[in-house]
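Student: Submitted below is the structure of interest, expressed as structure tokens.
The values are calculated or read from the model by the stated rules, or taken from the named source; none is laboratory data. Quick caveat, the model's predicted, so the values are computed rather than measured. Cβ placement follows ideal geometry from the backbone for every residue including glycine, while neighbour counts extend to all protein chains displayed.
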Amino acid sequence: MTPIRIAILYFVIGALWILVSDTLLYRLVDDPVRLTYWQSVKGWFFILASTLLLYALAQRLRTVLSRELDVKRQHLAVVRRKAYTDHLTGLPNRRFGLRAIRRLIQRAKREQKHFCVMCLDLDNFKQINDTLGHSAGDQLIQAVGKRLHAFLTEDEQLVRHGGNEFLLLCADVEHAEEIDKRAGEFVALFQEPFLIGPMPLRVTASIGVACYPEGGEGQGTLMRNADLALHHSKLYKNCFKVYESTMSRAMHYRFDLEQKMREALEENLFEVFYQPIYDPHKSCFTGAEALLRWPDDEGYISPVEFIPVAEQSGQIRALGAMVLARACHETQQLSERAGRPLSISVNVSPKQFANDHIVRDVQAALSASALDPGCLILEITEGVFLSNAAETGEILNQLMELGVSLSMDDFGQGYSSLSYLRKHPFRYLKIDKVFVQGMDSSGQDRALVEASVAMAEALNLQVVGEGVETATQQEALKELGVHYLQGFHLARPMPITDYEYFLLSAQVS
Ligand code: C2E
Ligand code: MG
Ligand code: MG
């Protein structure tokens, strides 16, 4: 019943009561003294009845209200739980994490305590998602959440920060050794594979740590610095890094470079230089290695500096495709003008092997330029086999089927595993310049070059000596039977117009 109905009912009953009872009383009682007495009894009766009615109504209202309040409270608790819980893992979510950090800061200020925030991110998660599908990715995140949660101590909280990132909030940690030990333990938790579906999946994680108050006194700064430390650990993967103030500068430089690189790519500012390659047995230049150049106000930014940044930011694919396209096109044009085929060696980063884009990029460069695939040499380093040897092998075979040649660059620098050379279809082996340059002074380096040449011969590989800086090195390499030479002594890397002029004058002389 609505309040207005109750009021009307009360008014009607009250009015009827007064009318009926008064009429009855005047009819039944004549004596004025008794009439006054009964009027008063009637009044009291009315007050009593009204009071009882009001009491009953209030009581009912209270029951209804408290029932409604209970329902609302339960609803509120569900909404709050949902607002602070991650639906995939059931763990506290990012919003909860930020609130928890604020509370930890307040407590640490009050009680002069320390704590740290660890940002944990799964390595190569995108690759897992792309190859195994999103459902496997979700299962992996759930399994990681469970494993981390089971490992927490009383003073730690685990939060899913979003995507493949988790936050570990460790209260009451005082010493750097304690933090290092704990972060190391979290990284080591990933040594055991995860069982996703029928197969065990090996995943590693990187962690960035920021400690209060050294790593930031506010929630925003702490989070930013933990993230910065995470970016640093991501450069190496499967490790942790604790935030240091120098990281900001290094990171700013990187971000800046990344941004500038994006603009340079859009505006087509990158240049391709060519360093001629010499055949000492036929005494002629047979082609060149394409080397990227990024002009800036003070000259050129070295590829050694920007290639790793491009690899990290994913821009290497666009850069690599651009070098391939331009090098093939310019070499084809030059070959036509020179009236003879010229080879072109293009460096390919291991990151370009993350999927089979490289095959499509090579195909596109060859068909757009009409260059003979036999003239294209792809230079790769051993790093390419470290991440995913099986898939890389498959991609190398596909590249071979296109008719291009493969060259193992910087041989001697890395693991120098012979098995890679034996298993995969390499045609060239480039001895690293460190050994070529060491030949003058070090017998060991000379022996190493000799051994490399002998081994290459046994494996039917052609040897290129790079970094030739003196006539003595040139002679020594020729004597050892090295097939091709490259280095400042013969020619420096140069723009295409200079390269054309260089080839013409070399032909004439
Ligand atoms: P790399 O492929 O081993 O290239 C040879 C490097 O040695 C070049 O350095 C070249 O300028 C330098 N060099 C050649 N002759 C001599 C010499 O006689 N003495 C000395 N000291 N150095 C010599 P650069 O151009 O700075 O390139 C460095 C590295 O950057 C390259 O090493 C390659 O790994 C990478 N890089 C360059 N261009 C590209 C590219 O287009 N894509 C990719 N992925 N990497 C590239
Ligand atoms: Mg190279
Ligand atoms: Mg090299």
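Student: Out of (1) free of Cβ contacts under 8 Å to residues at least 40 places away in the same chain; (2) under 20 Å from G287 (Cβ atoms), the odd one out for Q474 is which?
Tutor: (1)
Student: Continuing with this model, one more query. Counting only residues that are exposed (fewer than 14 other Cβ atoms within 10 Å of the Cβ) and either under 19 Å from the mean Cα position of the chain (by Cα) or among the hydrophobic types (A, V, I, L, M, F, W, C) (or both), how many does region 153-171 have?
Tutor: Within region 153-171, residues that are exposed (fewer than 14 other Cβ atoms within 10 Å of the Cβ) and either under 19 Å from the mean Cα position of the chain (by Cα) or among the hydrophobic types (A, V, I, L, M, F, W, C) (or both) number 2.
Student: Now, a different point. For the list (1) of a type in the set (G, A, S); (2) in contact (Cβ under 8 Å) with a residue 24 or more places away in the chain; (3) closer than 24 Å to R326 by Cα; (4) surrounded by fewer than 20 Cβ atoms within 10 Å (Cβ to Cβ), I need the number of the one condition that G481 fails.
Tutor: (3)
Student: Return the only residue of V434, V464 being surrounded by fewer than 16 Cβ atoms within 10 Å (Cβ to Cβ), within 16 Å of ligand 1 (Cβ to nearest atom) and either modelled with pLDDT under 95 or in a strand (DSSP E or B) (or both).
Tutor: Among V434, V464, only V434 is surrounded by fewer than 16 Cβ atoms within 10 Å (Cβ to Cβ), within 16 Å of ligand 1 (Cβ to nearest atom) and either modelled with pLDDT under 95 or in a strand (DSSP E or B) (or both).
Student: Take the residues in region 339-349 that are of a type in the set (A, V, I, L, M) and in contact (Cβ under 8 Å) with a residue 40 or more places away in the chain; name whichever of them is farthest from ligand 2 (Cβ to nearest atom). Step through it out loud before you land on a result.
Tutor: Step one: filter region 339-349 for residues of a type in the set (A, V, I, L, M), giving 342, 344, 346, 348.
If we keep only those that are in contact (Cβ under 8 Å) with a residue 40 or more places away in the chain too, we end up with 342, 344, 346.
Working: L342: 17, I344: 12, V346: 8 Å.
Selected residue: L342.
Student: Here is a follow-up. Do we have V453 as among the hydrophobic types (A, V, I, L, M, F, W, C), in contact with a Leu (Cβ under 6 Å, 6 or more places away or on another chain), more than 29 Å from A390 (Cβ to Cβ) and in a helix (DSSP H, G or I) here?
Tutor: yes
Student: For the list (1) more than 16 Å from ligand 3 (Cβ to nearest atom); (2) at negative phi; (3) surrounded by fewer than 14 Cβ atoms within 10 Å (Cβ to Cβ), I need the number of the one condition that V304 fails.
Tutor: Only one criterion in (1) more than 16 Å from ligand 3 (Cβ to nearest atom); (2) at negative phi; (3) surrounded by fewer than 14 Cβ atoms within 10 Å (Cβ to Cβ) is unmet by V304, namely (1).
Student: Of these, I316, I277, which one is crowded, with 19+ Cβ neighbours inside 10 Å and out of contact with any helix residue (DSSP H, G or I) (no Cβ under 9 Å at 6 or more places or on another chain)?
Tutor: Only one candidate qualifies: I277.
Student: For the structure I just gave you, tell me whether D440 is among the charged types (D, E, K, R), more than 20 Å from K282 (Cα to Cα) and buried (at least 16 other Cβ atoms within 10 Å of the Cβ).
Tutor: Working: among the charged types (D, E, K, R): yes; more than 20 Å from K282 (Cα to Cα): yes; buried (at least 16 other Cβ atoms within 10 Å of the Cβ): no.
Spelling it out, it is not the case that D440 is among the charged types (D, E, K, R), more than 20 Å from K282 (Cα to Cα) and buried (at least 16 other Cβ atoms within 10 Å of the Cβ).
Student: Still on this structure, please answer the following. Just checking, which of Q312, Q363, Q352, Q333 is within 21 Å of the chain's Cα centre (by Cα), in a helix (DSSP H, G or I) and more than 16 Å from ligand 2 (Cβ to nearest atom)?
Tutor: Values: Q363 fails: within 21 Å of the chain's Cα centre (by Cα); Q352 fails: more than 16 Å from ligand 2 (Cβ to nearest atom); Q333 fails: within 21 Å of the chain's Cα centre (by Cα).
Just a single option satisfies the conditions, and that option is Q312.
Student: Considering each residue of region 437-461, count those that are modelled with pLDDT under 90 and charged (D, E, K, R), and give that number.
Tutor: Looking only at that region, the number is 3.
Student: Name, by its number, the condition in (1) in contact (Cβ under 8 Å) with a residue 24 or more places away in the chain; (2) within 30 Å of C119 (Cα to Cα); (3) out of contact with any helix residue (DSSP H, G or I) (no Cβ under 7 Å at 6 or more places or on another chain) that does not hold for L91.
Tutor: Looking at each condition in turn, L91 falls short on (3).
Student: Working only within region 467-489, note down all residues that are assigned to a strand (DSSP E or B) and closer than 22 Å to R422 by Cα.
Tutor: First, pick out the residues of region 467-489 that are assigned to a strand (DSSP E or B): 484-486.
Hit for region 467-489 is Y484, nothing else.
Student: So if I check each of A264, A288, which one is over 21 Å from L122 (Cβ atoms), among the aliphatic types (A, V, I, L, M), in contact with a strand residue (DSSP E or B) (Cβ under 9 Å, 6 or more places away or on another chain) and crowded, with 20+ Cβ neighbours inside 10 Å?
Tutor: Within the list A264, A288, the selection yields A288.
Student: Any residue at all in region 486-495 that is of a type in the set (A, V, I, L, M, F, W, C), within 15 Å of ligand 3 (Cβ to nearest atom), in contact (Cβ under 8 Å) with a residue 12 or more places away in the chain and surrounded by 20 or more Cβ atoms within 10 Å (Cβ to Cβ)?
Tutor: no
Student: If you don't mind, there's one more thing I want to ask. Is region 380-390 home to any residue that is touching a residue at least 24 places away in the same chain (Cβ under 8 Å), crowded, with 21+ Cβ neighbours inside 10 Å and not in a helix (DSSP H, G or I)?
Tutor: yes
Student: To continue, here is another question. I want to confirm something. Restricting to region 231-262 and keeping residues that are outside any helix (DSSP H, G or I) and among the hydrophobic types (A, V, I, L, M, F, W, C), which single residue is farthest from N164 (Cα to Cα)?
Tutor: My answer is V242.
Student: So R254 clears everything in (1) closer than 24 Å to L122 by Cβ; (2) surrounded by 12 or more Cβ atoms within 10 Å (Cβ to Cβ); (3) more than 20 Å from the chain's Cα centre (by Cα) except one condition, right? Which one?
Tutor: (3)
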